[in-house]
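Participant: Dropping the structure in here first, questions after.
The values are calculated or read from the model by the stated rules, or taken from the named source; none is laboratory data. The shown structure was predicted, so the numbers you read here are calculated from the model rather than taken from an experiment. Please note: Cβ atoms are built from the backbone with ideal geometry, for glycine as well, and neighbour counts cover all protein chains shown.
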Amino acid sequence: MKKRAILVVVDSLGIGYMEDVKKTRPQDIGANTFFHLLDKAKNLSIPNLEKLGINKLLNHPKLQNTGNLASYGIVELEHYGADSYSGHQEIMGTKPLKPLLKPFRFFMDTVKEALEKEGYKVEIKNVDKPYLLINDLVVVADNIETDYGQIYNVTAPLSYISFQEVLRIGYIVRKNVKVNRVIALGGEGITIEDILNSIEVRDDGLLGVNSPKSGVYNKGYQCRHMGYGVDEKGQVSSILAQNNKQVVLIGKMQDVIECEKAYKIPAVDTNLVMSEVEKSLDIVNEGLIAATVQETDLAGHAQDLNKYAEKVMIVDKYIKRIMNKMKPNDILFITADHGNDPTIGHSQHTREKTFVLAYGEKIKNVNVGNRKTLSDIAATIAEYFGVEYPQNGTSFYKQIY
């Protein structure tokens, strides 16, 4: 019998701060993204998540349905901090490594020299607000949408330069820094002036491009995340592909997960992401359909709880449609990668535990307990398919089947 796993990651939909934040991230004490959305959003109706059993974990008085069609559990973050890229690598089965935390100015001279050796024109336009401008078209600077010193962005207007060339620059940057992530990204229909005019300085001193303000997401958006210490061959997506299973990566998932044989569908809009999951059920006979809903995280950064709630309701609507199209051997996993509480008082990710819901016709509806790493999801998918286990994680398949 053919098997399919559907994995939906609702980016940043955490369910309560991790205990270690008291020492490592005191600004996140009190964070509980999902619970606070239910508390304070004008409208958050999630009947399908309720039926699956989300309130077994949230225990929120606004949710009346306490039953559960799915198995459920709490999942802790093993990766350092609260990072989407690291969270996704962990979900796919990578053992997280602790990166160096430094602002881009720490590596700027090294990166400048490396790019110049490769024949690029490299300028520091303003010594008081330092960033690198490459060939008058590409900006290298801090990522100002996440934690201090974790990520550098390589941003370009793709109407004037190919994404392959932006990637080449990005790989040179990646080779010369030891931070968690380097992101090469760009969009069409914008100019380098749009990008330069969107450069901002954060209160903590980080300097970089405000990506939404620059317009990179509006048209022809392309993106590639390059991580630290990630071997994609040990991830369940690549393992499945090597075993001749179909792998479809949708939305931000295809930005951050490397899988040579995967079919990749770029998408940011939540309706588009979820509709592509639904469409993929008509195409994939056996394998993994994995998608990330990114707009929830963007709403968290904007501290817009009503927009966040709106995106969660879109996800909930499609969950019912996906469940209706599932075959007897299919399993649907729903989870998140960290938190981004719009009510906590800052606009960065929050280090929160997440949830896992696992639903299928043949799947039990039991509590799988407190999981110590997001990689347990990858290990469970691997056991479900009967393939090699990923680098990290402990399967809970025998608990739910």
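Participant: Where in the stretch 1-111 are the helices (runs of 4 or more DSSP H), entirely inside, with at least 2 residues that are of a type outside the set (Val, Ile, Thr) and within 23 Å of the chain's Cα centre (by Cα)? Let's see the steps before the verdict.
Facilitator: Working: elements: 21-24, 33-40, 47-52, 55-58, 84-91.
It comes to 33-40, 47-52, 55-58, 84-91.
Participant: Which one is farthest from the chain's Cα centre (by Cα) among residues in the stretch 358-386 that are closer than 18 Å to residue 48 by Cα and buried (at least 24 other Cβ atoms within 10 Å of the Cβ)?
Facilitator: The extreme case among them is 360.
Participant: May I pose another question? Yes or no: residue 51 free of Cβ contacts under 8 Å to residues at least 60 places away in the same chain, within 29 Å of residue 318 (Cα to Cα) and either β-branched (Val, Ile, Thr) or in contact with a helix residue (DSSP H, G or I) (Cβ under 9 Å, 6 or more places away or on another chain) (or both)?
Facilitator: Values: free of Cβ contacts under 8 Å to residues at least 60 places away in the same chain: yes; within 29 Å of residue 318 (Cα to Cα): yes; either β-branched (Val, Ile, Thr) or in contact with a helix residue (DSSP H, G or I) (Cβ under 9 Å, 6 or more places away or on another chain) (or both): yes.
It is true that residue 51 is free of Cβ contacts under 8 Å to residues at least 60 places away in the same chain, within 29 Å of residue 318 (Cα to Cα) and either β-branched (Val, Ile, Thr) or in contact with a helix residue (DSSP H, G or I) (Cβ under 9 Å, 6 or more places away or on another chain) (or both).
Participant: Return yes or no: is residue 248 at pLDDT below 95 and aliphatic (A, V, I, L, M)?
Facilitator: On the way: at pLDDT below 95: no; aliphatic (A, V, I, L, M): yes.
Here the answer is no, as residue 248 does not meet what is asked.
Participant: Name every residue in the stretch 333-349 that is touching a Lys or Arg at 6+ places or on another chain (Cβ under 8 Å) and either surrounded by 24 or more Cβ atoms within 10 Å (Cβ to Cβ) or among the hydrophobic types (A, V, I, L, M, F, W, C) (or both), in order of residue number.
Facilitator: At the first step, the residues of the stretch 333-349 found to be touching a Lys or Arg at 6+ places or on another chain (Cβ under 8 Å) are 338-339, 343.
The answer is 338, 339.
Participant: Hey, residue 123 hits all of (1) in contact with a strand residue (DSSP E or B) (Cβ under 7 Å, 6 or more places away or on another chain); (2) surrounded by 18 or more Cβ atoms within 10 Å (Cβ to Cβ); (3) of a type outside the set (Ser, Thr, Tyr) but one; which does it fall short on?
Facilitator: (2)
Participant: Separate question: Could you tell me how many of the residues in the stretch 282-294 are surrounded by fewer than 24 Cβ atoms within 10 Å (Cβ to Cβ) and more than 22 Å from residue 238 (Cβ to Cβ)?
Facilitator: Of the residues in that region, 1 qualify.
Participant: Pick out the one residue from 177, 139 that is within 27 Å of the chain's Cα centre (by Cα), buried (at least 19 other Cβ atoms within 10 Å of the Cβ), not in a loop (DSSP other than H, G, I, E, B) and not charged (D, E, K, R). Step through it out loud before you land on a result.
Facilitator: Working: 177 fails: not in a loop (DSSP other than H, G, I, E, B).
Of the residues listed, the single one that is within 27 Å of the chain's Cα centre (by Cα), buried (at least 19 other Cβ atoms within 10 Å of the Cβ), not in a loop (DSSP other than H, G, I, E, B) and not charged (D, E, K, R) is 139.
Participant: List every residue pair whose Cβ atoms sit under 9 Å apart, with the two residues 6 or more apart in sequence or on different chains, where the first one lies in the stretch 386-398 and is within 15 Å of residue 92 (Cα to Cα) and the second, anywhere, is among the aromatic types (Phe, Trp, Tyr).
Facilitator: So the pair list comes out as 395/384; 395/389.
Participant: Please find, among 262, 302, the residue that is surrounded by 18 or more Cβ atoms within 10 Å (Cβ to Cβ), in the same structural domain as residue 343 (by TED's automatic domain parsing) and out of contact with any His (no Cβ under 6 Å at 6 or more places or on another chain).
Facilitator: On the way: 302 fails: surrounded by 18 or more Cβ atoms within 10 Å (Cβ to Cβ).
Testing whether each residue is surrounded by 18 or more Cβ atoms within 10 Å (Cβ to Cβ), in the same structural domain as residue 343 (by TED's automatic domain parsing) and out of contact with any His (no Cβ under 6 Å at 6 or more places or on another chain) leaves just 262.
Participant: Which ones in the stretch 111-158 are at pLDDT 95 or above, hydroxyl-bearing (Ser, Thr, Tyr) and closer than 30 Å to residue 82 by Cα?
Facilitator: 131, 152, 155
Participant: Please give the number of the condition residue 311 fails out of (1) of a type outside the set (Val, Ile, Thr); (2) more than 16 Å from the chain's Cα centre (by Cα); (3) more than 30 Å from residue 231 (Cα to Cα).
Facilitator: The one condition residue 311 does not meet is (2).
Participant: Across the stretch 180-214, what is the number of residues that are surrounded by fewer than 15 Cβ atoms within 10 Å (Cβ to Cβ) and among the hydroxyl-bearing types (Ser, Thr, Tyr)?
Facilitator: Going through the stretch 180-214 one residue at a time, the tally reaches 1.
Participant: Restricting to the stretch 197-243, what's the tally of residues that are assigned to a loop (DSSP other than H, G, I, E, B), of a type in the set (Val, Ile, Thr) and more than 30 Å from residue 125 (Cβ to Cβ)?
Facilitator: Taking the stretch 197-243 first, the residues assigned to a loop (DSSP other than H, G, I, E, B) are 197-198, 202-206, 210, 215-221, 228-231, 235, 243.
With the extra rule that they be of a type in the set (Val, Ile, Thr), the set shrinks to 216, 230.
Checking the rest, the ones that are also more than 30 Å from residue 125 (Cβ to Cβ) come to 230.
Going through the stretch 197-243 one residue at a time, the tally reaches 1.
Participant: Any residue at all in the stretch 270-293 that is part of a loop (DSSP other than H, G, I, E, B) and in contact with a Phe, Trp or Tyr (Cβ under 8 Å, 6 or more places away or on another chain)? Steps first, please.
Facilitator: The initial filter retains those residues of the stretch 270-293 that are part of a loop (DSSP other than H, G, I, E, B), namely 281-286.
Checking the rest, the ones that are also in contact with a Phe, Trp or Tyr (Cβ under 8 Å, 6 or more places away or on another chain) come to none.
No, the stretch 270-293 has no match at all.
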